[in-house]
Every structure is written in structure tokens, then in C-alpha cells.
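Here the structure is laid out as C-alpha cells; the discussion comes afterwards.
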Amino acid sequence: MQHPWILTLDSRGLPHRWISWQAACHYYALDMVAWVVGNRQFRFVGGICRATGLRSEITANSIIAIKGRSFRPDSHSQVPPLNNRELFHRDRHICAYCGDRFSGHILTREHIVPVSHGGRDVWMNVVTSCRPCNQRKSGRTPEQARMPLLYAPYVPNKAEYLILCNRQILADQMDFLARHLPHQSRLHVP
């Protein structure tokens, strides 16, 4: 049976990362779960104890806070790693130049200020572009190519990044993460 990822929180209640059900059971077994949130629970049955004859069992929640996991106050706002999958999700698979929606294999990571002109490979300098628009823009800035951007890039926060990198989020996990989204997030737009 396929189980969803478990959302972990730090001791302040801020989203931290996704873990497997096995890792969640490990935290439960070591008594490292400080508290739980959400209404989904999963029951995992283990082996039989030779001494007692009883079968081990752990019930894990879909959202767990880990004891002792309090990160620096700014860790929630740290820049998440950039990759094409999450970039395309951030931009909702819409080309920043023509405005059409495409599947992932037609899309590219487009540098607003080209790398050849000193542009960096960071969230604020990249947008999603279809291959034809990317080729038409070539090694120029949008102004030089007379191709204005239809939307501005932004850096997703930790909660948004967690949504972008997991496509099988449970409703209670999504509700929790949605409360931590910045106002400018494109995930608010239907």
C-alpha cells in the first residue's frame, strides 16, 4: 500500500520537510514526536515480540512536530533549492512570454538576464518559458528582445516550496501549509 509523505514541523510549529512513513515511525519509536496536527492517521503494524507474543503497532499522524527541532528564526525564510520541476510548478506551467500553458517537456528554465550577460541561476532571475519563446529571446534581455514578461519571478517560501515539491498532499496538510503561504504566491490563484 502506498502511503503519503508525512509533513514534519519544527518545535515552533513551522513546516520543515516531508518524510516517509518509515522515518515517521522511527520518530514515534524514539519518542521524538512532540505533538501532532491534522486529522489523518495511519496505522502501521510490525512484527511479533518473542518475549510478549504481542505485535508492535504505531499510529502516525499526517503532520508531526519533532522534539528538539527548532531551527534558526530565519530558517523558514531561507531560499529553497532551484530546480525545473518546482520552477514550472511555481509558474503554473505558463510561459512568461506568450502566456500559454504547456506540459513539462515543452518548457525550459529561462534566465531573464542571460548568464552570458552576468545573470545568475537564482529564483529571481528565472521564469518558465516554452522552447519557441526561449529560442526567440535567445541571449538577450526581455527588453532587448521586445518580449515583456507577463509575470514577475519570486522566491517561494518554505511552505510554498513544500507544496511545489509534493504532488500528493493530503487535505489537512494542504490546509496547514496554505496558512503559511505568502500573499504573492501563485498558489492562491485558482
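The values are calculated or read from the model by the stated rules, or taken from the named source; none is laboratory data. Model, not experiment: these values are computed from the prediction. Cβ: placed from backbone, ideal geometry, glycine included. Neighbour counts: every protein chain shown. Ligands, DNA and RNA are stripped out before the accessible areas are found, and what is left, the full protein with its side chains, is counted by its heavy atoms. Shrake-Rupley method; radii C 1.70, N 1.55, O 1.52, S 1.80 Å.
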Debye log10 I(q)/I(0) for the stretch 65-189, one point scatterer per Cα, at q = 0.19, 0.20 Å⁻¹: -1.05, -1.14
Rg over Rh, two decimals, the stretch 18-66 (C-alpha only, Kirkwood Rh): 1.02
Karplus (6.51, -1.76, 1.60) ³J(HN,Hα), θ = phi - 60°, over the stretch 123-130, in Hz, Gly and Pro reported as x: 3, 7, 10, 10, 9, 7, 9, 6
Counting each DSSP H run of 4 or more residues in the chain as -39500 (n - 2.57), what helix-only mean residue ellipticity at 222 nm follows after dividing by all residues, to the nearest 500 deg cm²/dmol? -5500 deg cm²/dmol
How much of residue 21 can a 1.4 Å solvent probe reach, expressed as accessible area in Å² and rounded to 10? 80
Return the Rg/Rh ratio of the stretch 93-162 with Cα-based radii and a Kirkwood Rh. 0.96
For the stretch 107-118, in residue order, the Karplus 3J(HN,Hα) values (coefficients 6.51, -1.76, 1.60; θ = phi - 60°; whole Hz; Gly and Pro = x) are 8, 9, 8, 9, 8, 4, 9, x, 4, 5, 9, x
Counting alpha carbon pairs within less than 8 Å and at least 6 residues apart, what relative contact order, in whole percent, applies to the stretch 2-115? 24
Contour minus end-to-end for residue 101 and residue 34, with contour as 0.36 nm per residue of separation and end-to-end as the Cα-Cα distance? 19.8 nm
Summed over the other residues with a beta carbon less than 10 angstrom from that of residue 46, with K and R at +1 and D and E at -1, the charge totals 0
Taking a ≥ b ≥ c as the square roots of the eigenvalues of the Cα gyration tensor of the stretch 1-126, is the shape rounded (a/c under 1.5), prolate (a/b larger than b/c) or oblate? prolate
Let's test the formula: R0 of 30 Å, r as the Cβ-Cβ distance of residue 59 and residue 181. What FRET efficiency results, to the nearest 0.05? 0.55
Give me the number: length gained by fully extending residue 12 to residue 167, i.e. 0.36 nm times residue separation minus the C-alpha to C-alpha distance, one decimal in nm. 53.3 nm
Hey, got the dipole for the stretch 1-155? About the Cα centre, +1 on K and R Cβ, -1 on D and E Cβ, debye to the nearest 20? 180
Amide H proximity to residue 67 below 5 Å, modelled H, separation 5+ or other chain, gives 33, 34
